[in-house]
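The values are calculated or read from the model by the stated rules, or taken from the named source; none is laboratory data. Here the structure is a predicted model, which is why all the values come from computation and not from measurement. Reconstructed Cβ throughout: ideal geometry from the backbone, glycine too, with neighbour counts over all protein chains shown. For the accessible areas, the whole protein counts, side chains as well, though only heavy atoms, and no ligand, DNA or RNA atoms are used. Shrake-Rupley method; radii C 1.70, N 1.55, O 1.52, S 1.80 Å.
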Amino acid sequence: MKTHKPAAAPRTFVLPEDTAMHRPRSLLVAALLAWGLVPTARAQWWGPAEVFGSASNPNDVWQYGWMEATLSGPLNLYTRSIEGWAGPLWGAWIGGDSTPAIWRNDTSGPAYGVGAGQLSLHPGPDGQASVLRWVNPDRSEAGTLSVAAEFFPGDFGAMRVGVRVNGVQRFEAFDFGSVFFAVPNVEVETIDFLVWGGYAYGNTPLEASISMASDRCLGDFNRDGGVDGSDVSAFFGAWESADPSADLNASGGIDGQDVETFFLRWEAGC
């Protein structure tokens with residue numbers, strides 16, 4: 001088994017954001033509306049490989065762990081991590097080695113059937129499932145979750161691969177396969193990506209992403225169901241107090257461009 005360089009701090013990416021432009025606001029909004037370029041929903045995106053590292057578990061919205069080969073019982077979080085020659089690894093060390101485990105290949109080429117930058121899920125010695133779990137950070141937001149995953153053949157062994165939503169199998173394949181599906185955000189607590197049912201040469205690469213498109217109006221800053229002056233007051237209250245919710249362009253700071261972004265959304269209405 002192998003490992004990785006320390007990963008960047010966990011973050012949630014926000015896509016896409018309006019870009020501040022030096023033109024009269026009303027003309028810009030009119031042009032964007034005419035071109036169909038004003039987004040009607042806020043989209044968030046989560047990618048497990050980009051934030052993976054050996055620093056913490058849980059890691060932002062991601063958890064790394066294992067469960068029995070029958071896929072019954074709770075998720076047992078990995079409690080031991082190392083920085084190996086290939087990249088960071090979280091594992092259980094059942095039976096003497098690191099497996100079941102999850103690791104990322106931080107080298108410049110393939111390692112054990114795992115491509116550069118890919119995560120690998122390796123089952124345990126008795127077929128225990130290695131599990132990458134996404135925990136929904138906000139089920140109160142009305143919108144649609146889009147889930148995409150591809151499992152690659154990896155090393156010489158052949159394992160079972162699958163995706164579960166709230167503990168219910170949504171996709172299953174032998175050794176490799178891909179899936180895409182959408183589900184209402186309010187219905188989802190957890191999404192699991194699993195590799196199980198084998199052991200020898202069991203490294204199985206996974207590429208996955210989860211995105212959520214909100215149904216709410218972008219201009220409805222205070223979420224009261226309408227776009228009016230109360231949203232202006234609420235936004236500037238947050239902006240002046242440097243509340244993170246005022247970072248509308250997801251730049252990591254709160255400045256004049258967030259004001260531009262707010263008014264683009266506010267003038268566009270719903």
Discussion item. Taking the Cα centre as origin and putting +1 on Lys and Arg beta-carbons and -1 on Asp and Glu beta-carbons, what dipole magnitude results for the range 40-135, to the nearest 20 debye?
Written reply: 220 debye
Item to complete: Within 10 Å, count the other beta carbons around each residue, average over each peptide in 151-159, 96-104, and list them highest first.
Response: 96-104, 151-159
Worksheet entry | GLU240-ALA55 pseudo-label distance in nm [points 7 Å out on the Cα-to-Cβ vector] | 3.4 nm
Worksheet, complete the sentence: Of the range 176-196, those with amide N under 20 Å from the point 7 Å along the Cα→Cβ vector of ASP215 are 181-190
Worksheet item: Considering only protein heavy atoms, what per residue accessible area in square angstrom results for the range 177-270 with a 1.4 angstrom probe?
Response: 43 Å²
Fill in: Estimated distance in nm for a label pair at PHE181 and TRP45, the labels positioned 7 Å out from Cα along Cα-to-Cβ
2.3 nm
Fill in: Charge-dipole axis of the range 193-237 as Lys and Arg at +1 and Asp and Glu at -1 on Cβ define it, positive-most pick from ALA208, SER233, GLY197
GLY197
Worksheet entry | Modelled label reach - ARG170, point 7 Å along Cα→Cβ, the range 194-209 residues with backbone N closer than 13 Å | 194, 208-209
Fill in: SER233 paired with THR79, simple spin-label distance in nm, labels 7 Å along Cα-to-beta-carbon
5.2 nm
Practice prompt. Leaving ligands, DNA and RNA out of it, report the carbon-plus-sulfur percent of the accessible area of the range 189-250 at a 1.4 Å probe.
Written response: 50 percent
Item to complete: Output ³J(HN,Hα) for the range 44-55: one whole-Hz value per residue in order, computed from phi by the Karplus curve 6.51 cos²θ - 1.76 cosθ + 1.60 with θ = phi - 60°, and x for Gly and Pro.
Response: 10, 9, 10, x, x, 5, 5, 10, 5, x, 9, 6
